[in-house]
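Notes follow once the structure below has been shown.
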Amino acid sequence: MSAELVEPPTVLVGAPGAGKTTVGALLAERLGLTFRDVDAVIVERTGKSIAEIFTDDGEPAFRVLEEQITAELLPLPGVLSVGGGAVLSAATRAALRSHRVIWLQVGLAQSVKRVGLDTARPLLLGNVRGQLLKLLNERAALYREVATEVIDTDHATPAEIVEMIMKAHVAQR
Ligand code: S3P
């Protein structure tokens, strides 16, 4: 039987700059599973960048779309990265309860470094450091609420983070 049929879906959550997309793709490759990324599916479906959706339609419209697409992708097997703000939705937090949810934790300094100061992320425009600090503070409790595992990514490369996830995976069996 293929791994996709027996493994429960694994979901990566965390703030911008946590490495959800990079680590998610590597982890899926390592496990031989399909990788999906909610933001990428939103861009594909709408034909717009995330920044354009925020500018043209506003953040509330983006959140509705994000909640719908996350709900659609969560039942599928494989590895799924959700946007940093997906946990703001109570419906999404409830839907995450039946999943393996890995919180990729990142501190302010690393998050600023990884995201870069000229980010295309609409929520961070203007004052990347200040906005990230606000997001990290506001969301830490929500990431903690949904997480079944927490991985500190500050001093690790994406490949090392995948190793940590694999070890936790084996230890759970
Ligand atoms: C957001 C994070 C982004 C993207 C959107 C909103 C957020 O995804 O979904 O810009 O609210 O934190 P990443 O976490 O991949 O940057």
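When restricted to residues that are touching a helix residue (DSSP H, G or I) at 6+ places or on another chain (Cβ under 8 Å), closer than 13 Å to residue 101 by Cα and open to solvent by less than 40 Å² (accessible area, probe 1.4 Å), region 149-169 contains 3. Summed over region 1-25, residues that are among the hydrophobic types (A, V, I, L, M, F, W, C) and either within 13 Å of the ligand (Cβ to nearest atom) or at pLDDT 80 or above (or both) total 7.
Within region 63-94, the set of residues being of a type outside the set (Gly, Ala, Ser), in a helix (DSSP H, G or I) and open to solvent by less than 70 Å² (accessible area, probe 1.4 Å) comprises 63, 65, 66, 69, 70, 73, 87, 92, 93. Scanning region 111-145 for residues that are outside any helix (DSSP H, G or I) and either buried (at least 18 other Cβ atoms within 10 Å of the Cβ) or at pLDDT 95 or above (or both) returns 119, 121.
In region 40-57, what residues are within 13 Å of residue 122 (Cα to Cα) and within 12 Å of the ligand (Cβ to nearest atom)? If the condition is that a residue be within 13 Å of residue 122 (Cα to Cα) and within 12 Å of the ligand (Cβ to nearest atom), then 49, 50, 51, 52, 53, 54, 55 are the ones that fit. Given the residues 15, 25, which is the only one that is among the aliphatic types (A, V, I, L, M), in contact with a helix residue (DSSP H, G or I) (Cβ under 8 Å, 6 or more places away or on another chain) and not in a strand (DSSP E or B)? The match here is 15. The numbered conditions (1) closer than 25 Å to residue 148 by Cβ; (2) surrounded by 13 or more Cβ atoms within 10 Å (Cβ to Cβ); (3) more than 12 Å from the ligand (Cβ to nearest atom); (4) at pLDDT below 95 are all true for residue 97 except (2).
The values are calculated or read from the model by the stated rules, or taken from the named source; none is laboratory data. Just so you know, these numbers come straight off a predicted model, no measurement behind them. For neighbour counting, all protein chains shown are included, and Cβ atoms are generated from backbone atoms with ideal geometry for every residue, glycine included. In case anyone asks, the SASA skips ligands and DNA or RNA and just uses the protein heavy atoms, side chains included. Shrake-Rupley method; radii C 1.70, N 1.55, O 1.52, S 1.80 Å.
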